[in-house]
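Since the structure comes first, as structure tokens, the remarks are kept for the end.
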Amino acid sequence: MSRSVFFGAAAALVLLSTAGLAKASDLYDPSIAHQPKDGVIRIFGPGGPHTAFLKAAKAFEAKTGVKVEVVFGPESKWTKDAQAGADMIFGSSEQSMTAFLENYRFVESGAVEPLFIRRSVIVVPKGNPKGISGFADLLQPGMRVVVTEGKGVYNTSGTGVWEDIAGRLGALEDVKRLRRNIAFVEKGSGASFRSFTAGQADAWLTWVHWPLNHPDAAEFVELEEERRIYRVTNVVLSPEADPVTTDFLIFLKGPEAARLFASDGWMK
């Protein structure tokens, strides 16, 4: 094969692969008019942090009488509504919010505000049947671990967390050994939770709010401090938001919201 034919074929493969990724990941629709002012605070974001935002929304409504609607889950399910009417977007990490900024172009990176941070843990089935006590146990032969990944097409705070934890001490062998024990790689934390609770996994590396919010199905083991990974939840307000959204943001920064978020494992 000549060099020109080879490089032409390679370029075609690159174009095909990147086109597929763009189709899967770019949800931005320029035909949607952003008009959020309707008297209701509408906030959109991923599952996981949503439980704390729901608690805060309920408390704010009780205090002010202003309705706050929290829409959560996979981005593909709410993106069109958010592009049209989001007063606020919340993220589950900085990298997650950076991806959101590609699709919600009425907001800018400089307006993003980190609110709380949470830690990674080892989630185990109720009763911890394998007696897992720390990261080293996940490296033992036969362990079946769930990890969360975006796989290049899905926006999730779980992307790369297992590798960050395994490689935290700079030991390549730790990454290799954990990789051999990964039984399920799921797109998004919701899918990971379903896979974990199906009964075929011994552990799941994820965020502390998942077991805290599902105590009937799971408990958690703390990672050693030197292994622990932290990521934030953050928010960004639309410049066109209902004015009272600013009051909700002030509430989110206050002591009452801090207590509500702390019940889900979030810290300042």
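Every read-out reported here was derived from the displayed coordinates using simple, explicitly stated rules and does not represent laboratory data. Predicted, not measured: the structure shown is a model, and the values here were computed from it. Backbone-built Cβ (ideal geometry, glycine too); neighbour counts: all protein chains shown.
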Handout entry: Residue satisfying condition, being more than 19 Å from the chain's Cα centre (by Cα) and within 23 Å of L223 (Cβ to Cβ), within set P114, P129
Key = P129
Exercise for the section: Read through the list (1) exposed (fewer than 14 other Cβ atoms within 10 Å of the Cβ); (2) touching a residue at least 60 places away in the same chain (Cβ under 8 Å); (3) under 22 Å from the mean Cα position of the chain (by Cα), then give the number of the only condition that E225 fails. Expected result: (2)
Fill in the blank from the handout: Out of (1) within 18 Å of M88 (Cα to Cα); (2) touching a helix residue (DSSP H, G or I) at 6+ places or on another chain (Cβ under 7 Å), the one S238 does not meet is (2)
Problem - helices (runs of 4 or more DSSP H) wholly inside segment 125-196 containing at least 3 residues that are surrounded by fewer than 16 Cβ atoms within 10 Å (Cβ to Cβ) - result: 172-180
Problem - Of all residues making up segment 65-89, the number that are of a type in the set (K, R) and without any contact (Cβ under 8 Å) to a residue 40 or more places away in the chain - result: 2
